[in-house]
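Every number in this text was worked out from the coordinates using simple rules, so none of it is lab data. Note that the structure is a prediction, hence the values are computed from the model and not measured. Here the Cβ positions follow ideal geometry from the backbone for every residue, glycine too, while neighbour counts run over all protein chains shown.
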Amino acid sequence: MPGLLGTYHRSGRVMVLRGVYAPQEDTLLLGEALGRERVGAGTSVLDVGTGSGFIALAAARRGARVTAVDRTRRAVLATRLNAALAGLRVEAVRGDLLTPAGGRRFDLILSNPPYVPAPDAAPPRRGSARAWDAGNDGRLVIDRLCAGAAGLLRPGGVLLLVHSALCGVPATLERLERAGLSAQVTDRRSVPFGPVLASRRQWLLGCGLIASGDDKEELVIIRAERIE
């Protein structure tokens, strides 16, 4: 199939359509956090911003009922293709963030959203950058997730969210607590700047988001639970 790439990782193989976010360090970190959660037959899982479906498939392999959402047609197609190739059942739907899941409740919500601070205040309307650019502070999508996730979780349900420390971990914790969730950072990992952050070094310096000489980004997993 034209425009198809193969991506390999310890936990298996996924096919990535051109323009779809390929599994990277943040994906793998989220996958490790998922591995610590109680997931099995009957667990209802929502993967928001699924990309290639890598995380959705990881949950489906453990028997979960998985709904995977992405706003691009190519990502939805990639997820459906990968699920079919793996012999797994994943409901992959196209839509804006949490909107397709409205009216439903889940035991676990997973998200690796766009979170990279960008010189443009508005999110890109097309192209690969839709998978990572999220406004000047990197919070255009994260803030919406913080506001809406609690309403989609069952009592005892959990949100696992990965993002960069560049876009403000305390702000995320505060917003999740305000939404009625008990939130904490469970994982931190330092990774070298990728091509996007490296290309924005001077802009990030000017914004005070990094210091001179910084060449690594800290990724975090935030776990938020609905107690009531």
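Would you work out which of 212, 227, 183 lies farthest towards the positive end of the dipole of the chain? Charges go on Cβ: Lys and Arg +1, Asp and Glu -1.
Farthest along the dipole direction, towards plus: 227.
Take the Cα pairs of the range 117-188, get the Kirkwood Rh, then feed it into Stokes-Einstein at 37 °C and 0.692 mPa s and tell me D in µm²/s. Walk me through the numbers before you get to the answer.
On the way: Rh = 13.2 Å.
Value of D from the Cα-based Kirkwood radius: 249 µm²/s.
Where nothing but the Cβ of Lys and Arg (+1) and of Asp and Glu (-1) is charged, how large is the charge dipole of the range 3-126 around its Cα centre, in debye to the nearest 20? Walk me through the numbers before you get to the answer.
Values: 18 positive and 10 negative charges, 90 e Å.
Computed charge dipole of the range 3-126: roughly 440 debye.
Skipping prolines and chain starts, which residues have an amide H placed within reach, meaning under 5 Å, of the one on residue 47, given they are 5 or more residues away or on another chain?
67, 68, 69, 110
Would you calculate, for the chain, the mean residue ellipticity at 222 nm contributed by helices, counting each DSSP H stretch of 4 or more residues as -39,500 (n - 2.57) and dividing by all residues, to the nearest 500? Write out the running numbers ahead of the final one.
Numbers: 7 runs with 62 residues, N = 228.
Calculated mean residue ellipticity at 222 nm is -7500 deg cm²/dmol.
What trypsin sites (Lys or Arg not before Pro) does the range 77-132 have in DSSP loop regions with at most 13 other beta carbons within 10 Å? Provide the component values of the computation, followed by the final result.
Working: sites: 80, 89, 94, 104, 105, 125, 126, 130; in loops: 89, 104, 105, 125, 126.
Loop-located and lightly packed - 89, 104, 125, 126.
Would you grab the residues whose amide H sits under 5 Å from the one on residue 137? Only those 5+ places off in sequence or on another chain, please, with H modelled 1.01 Å from N.
118
Sticking with the crude label model, points 7 Å out along Cα→Cβ, report the distance from residue 36 to residue 86 in nm, one decimal please.
The two pseudo-label positions are separated by 2.1 nm.
Applying 1/(1 + (r/R0)^6) with R0 = 30 Å to the Cβ-Cβ distance of residue 191 and residue 13, what FRET efficiency is obtained, to the nearest 0.05? Display every interim value, and only then the final one.
Values: r = 22 Å, r/R0 = 0.74.
The formula returns an efficiency of 0.85 here.
Once Lys and Arg get +1 and Asp and Glu get -1 on their Cβ, which of 98, 140, 122 lies farthest toward the positive end of the dipole of the range 96-142?
98
Charges only on Cβ, +1 for Lys and Arg, -1 for Asp and Glu: so what's the dipole of the range 124-187 about the Cα centre, in debye to the nearest 20?
Working: 8 positive and 6 negative charges, 69 e Å.
Using only the charged Cβ atoms, the result is roughly 320 debye.
Subtract the Cα-Cα distance of residue 182 and residue 105 from 0.36 nm times their separation in residues, and report this length gain in nm to one decimal. Please list the in-between numbers first.
Details: separation 77, 0.36 × 77 = 27.72 nm, distance 1.77 nm.
Working it through step by step, the gained length comes to 26.0 nm.
What does the charge dipole of the chain about its Cα centre add up to, to the nearest 20 debye, if the Cβ of each Lys and Arg holds +1 and the Cβ of each Asp and Glu holds -1?
Details: 31 positive and 22 negative charges, 179 e Å.
About 860 debye.
For the pair residue 214 and residue 25, what calculated FRET efficiency results from E = 1/(1 + (r/R0)^6), where r is the Cβ-Cβ distance and R0 = 22 Å, to the nearest 0.05? Please list the in-between numbers first.
Details: r = 17 Å, r/R0 = 0.76.
FRET efficiency, residue 25 to residue 214: 0.85.
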